Amino acid sequence: MPPPFIQRLKNISLLASLVAIPLSTHAQSWQFKGEGRFFSAPTLAGNSILAGSSAGHLYAIDVQSGQQRWKFSAGKEIATQPCIAGNTAVVGSYDGNYYGVNIKNGLAVWTFKTGGERKNGGKGLWSMQPATDYMEDPYDFFLSAPATDGKSVFFGSSDSSIYALDAATGNLRWKFRTSAPVHGGAAYSNNTVVIGSWDTYVYALDAKTGQLKWKFKTGTDTLYGGVLEGIQARPAIAGGRVFVGARDAKFRAIDLATGKLIWTYDGGNAWISGTAEIDGDHVYVGTSDSYLLLKLDAETGKEIFRNKGGGYIFGAPAVSKDLVAYGDFTGRMYLLNKDSLDVFRTFDTPGRKAHGTSLLDRDQIDFLFLAKGAIPEKYSTTLLVIDKLYALGPITAAPLIAGNTVFVASTDGTVYAIPLPNKR
């Protein structure tokens, strides 16, 4: 994944050779085929699943039948998980707008124009060649997913701002400036909005006024030359603590009231770009290049268990009474025993079934294997590799567990509804 440094790729290849997990597949009860790719997580709204696509559509899909209820169209890709505020779903698009959409009929309630939305990037990204060329970050999949307190919605923007809007009208309540684009999702708790920026800071703002309560600086991404080193994940808030990962390969617990660091988990050579899920005394979070789903002690940050999959994890896991579900970049979704993180079921996208044998090395992503003789340091090689991986139908979004069904969206343009087994 990220930066194809030769030594780093050798390390990834070594890691990939260490684990082999016996897996089984499980049939879906329905599948919905949309236009474009689904990068962001779906959201449950009444009897509908809402999912935004790279073709610029927000779909409402009937939970039971998988049939389309309605479709809302923006000007460009919808790149956020929908946030539900009353009868309104709020999403952000690369057309530079955030939209409030009526969840009953799909009609626009309001439109708010930001200063513009774009993918992050830089010259000679991650020391790739040619060093003088501007390169978009191919793993900057998301815009800032909104959060709500019921009356306002909060989100960040590529214009380096954090916004609060009236949820009913879309009118601006306040605006706070950061030093870089904000693509991390927002979280809300106890009159506090918490959000991370590409400037490496986690910000805590007063939800009513937008005044800064505190900011916390994450570390420098020394693995990749300090380029695009900030925060891609939405923070999770529980028990008076903020849990957030960053591209400095660290995952942290921060005191919500004071902004003081409580503990740090070191992810080694892997970004921690996905949102964590908190379940009682435990934290579940995924990593990128080490392909891990981690179970940590919420009080201390100590690792309890790990599950090693086959590819990068960008979405949050979903946690229910007795299971954890997560998807990875190989097009596979894992269902794990929540206590032990043992695998009891997997689901493979059609692309994974068709192309997994040819594109994966021992069921895992290996950059050099996919590059097949191309020059690893070139940006064009990274684009070549990621295009190959898209044939697998990668899962970059968090699954959604509702009742006895898990819903998962894939970059193959399909939302799958998969019944959970009775015994697990």
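You will find that of LYS208, LYS175, LYS217, the residue that is in contact with a Lys or Arg (Cβ under 9 Å, 6 or more places away or on another chain) and among the basic types (Lys, Arg) is LYS208 and no other.
From the list GLY393, GLY356, pick out the single residue that is of a type in the set (Gly, Ala, Ser), closer than 28 Å to ALA233 by Cβ and touching a helix residue (DSSP H, G or I) at 6+ places or on another chain (Cβ under 8 Å). Just a single option satisfies the conditions, and that option is GLY393. The residue that is farthest from the chain's Cα centre (by Cα), counting only those in region 190-220 that are in a strand (DSSP E or B) and in contact (Cβ under 8 Å) with a residue 60 or more places away in the chain, is THR192. Residues in region 105-123 that are assigned to a strand (DSSP E or B) and hydroxyl-bearing (Ser, Thr, Tyr): THR111 only. Scanning region 346-384 for residues that are out of contact with any Lys or Arg (no Cβ under 7 Å at 6 or more places or on another chain), free of Cβ contacts under 8 Å to residues at least 60 places away in the same chain and surrounded by 21 or more Cβ atoms within 10 Å (Cβ to Cβ) returns a single hit, LEU360. Among the residues of region 394-424, the ones that are in a loop (DSSP other than H, G, I, E, B), in contact (Cβ under 8 Å) with a residue 40 or more places away in the chain and surrounded by fewer than 21 Cβ atoms within 10 Å (Cβ to Cβ) come to 4 in all.
Of all residues in region 295-316, which are in a loop (DSSP other than H, G, I, E, B) and over 20 Å from THR264 (Cα atoms)? Passing the criteria: GLY309, GLY310, GLY311, TYR312, GLY315. Can you list residue pairs whose Cβ atoms sit under 9 Å apart, with the first residue in region 124-140 being at positive phi and part of a loop (DSSP other than H, G, I, E, B) and the second being aliphatic (A, V, I, L, M) and surrounded by 14 or more Cβ atoms within 10 Å (Cβ to Cβ)? Count only pairs 6 or more apart in sequence or on different chains. That search, which allows pairs on different chains as well, returns GLY124/MET135; GLY124/VAL227. The number of residues in region 242-264 being within 14 Å of THR300 (Cβ to Cβ) and crowded, with 22+ Cβ neighbours inside 10 Å comes to 4.
How many residues does region 142-171 contain that are over 17 Å from ILE237 (Cα atoms) and among the aromatic types (Phe, Trp, Tyr)? Looking only at that region, the number is 2.
What about GLY75, is it small (Gly, Ala, Ser), assigned to a loop (DSSP other than H, G, I, E, B) and closer than 16 Å to GLU35 by Cα? When the stated conditions are applied, GLY75 passes them.
Per-residue answers, yes or no, for (1) under 22 Å from THR80 (Cβ atoms); (2) in contact (Cβ under 8 Å) with a residue 40 or more places away in the chain:
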site: TYR265; (1), (2): no, no
site: GLY268; (1), (2): no, no
site: TRP271; (1), (2): yes, yes
site: GLU277; (1), (2): yes, yes
site: HIS282; (1), (2): no, no
site: VAL285; (1), (2): yes, yes
site: SER290; (1), (2): no, yes
site: ALA298; (1), (2): no, yes
site: PHE305; (1), (2): no, no
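Checking each residue in region 59-76 for being over 15 Å from VAL408 (Cα atoms) and crowded, with 24+ Cβ neighbours inside 10 Å picks out only ALA74. Within region 162-185, the set of residues being closer than 18 Å to TRP110 by Cβ and outside any loop (DSSP other than H, G, I, E, B) comprises TYR163, ALA164, LEU165, ASP166, LEU172, ARG173, TRP174, LYS175. Can we say LEU143 is in contact (Cβ under 8 Å) with a residue 24 or more places away in the chain, surrounded by 21 or more Cβ atoms within 10 Å (Cβ to Cβ), more than 30 Å from ALA374 (Cβ to Cβ) and in contact with a Phe, Trp or Tyr (Cβ under 8 Å, 6 or more places away or on another chain)? Answer is yes for this residue.
The residues in region 159-188 that are among the hydrophobic types (A, V, I, L, M, F, W, C), modelled with pLDDT of 95 or more, under 21 Å from the mean Cα position of the chain (by Cα) and over 20 Å from ASN87 (Cα atoms) can be counted, and the count is 2.
Conditions (1) farther than 23 Å from PHE39 by Cβ; (2) among the basic types (Lys, Arg), marked per residue:
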position	(1), (2)
GLY96	no, no
TYR99	no, no
ARG118	no, yes
MET128	no, no
ALA131	yes, no
LYS151	yes, yes
ALA167	yes, no
TRP174	yes, no
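What number of residues within region 169-218 are surrounded by 20 or more Cβ atoms within 10 Å (Cβ to Cβ) and either over 19 Å from VAL244 (Cβ atoms) or touching a helix residue (DSSP H, G or I) at 6+ places or on another chain (Cβ under 9 Å) (or both)? The number of residues fulfilling the criteria is 1.
Just so you know, in region 111-127 the residues that are crowded, with 18+ Cβ neighbours inside 10 Å and over 24 Å from GLY274 (Cα atoms) include one that is nearest to the chain's Cα centre (by Cα), and it is THR114. If you filter region 308-327 down to residues that are within 12 Å of VAL285 (Cα to Cα) and among the aliphatic types (A, V, I, L, M), you find that the one that is surrounded by the fewest Cβ atoms within 10 Å (Cβ to Cβ) is VAL319.
Identification of helices (runs of 4 or more DSSP H) wholly contained in region 338-393 with 2 or more residues that are over 24 Å from the mean Cα position of the chain (by Cα) and under 30 Å from PRO130 (Cα atoms) yields 367-371.
The values are calculated or read from the model by the stated rules, or taken from the named source; none is laboratory data. It should be emphasised that the depicted structure is a prediction, and the values quoted were computed from it without experimental measurement. In this analysis, Cβ positions are derived from the backbone assuming ideal geometry, glycine residues included, and neighbour counts consider all displayed protein chains.
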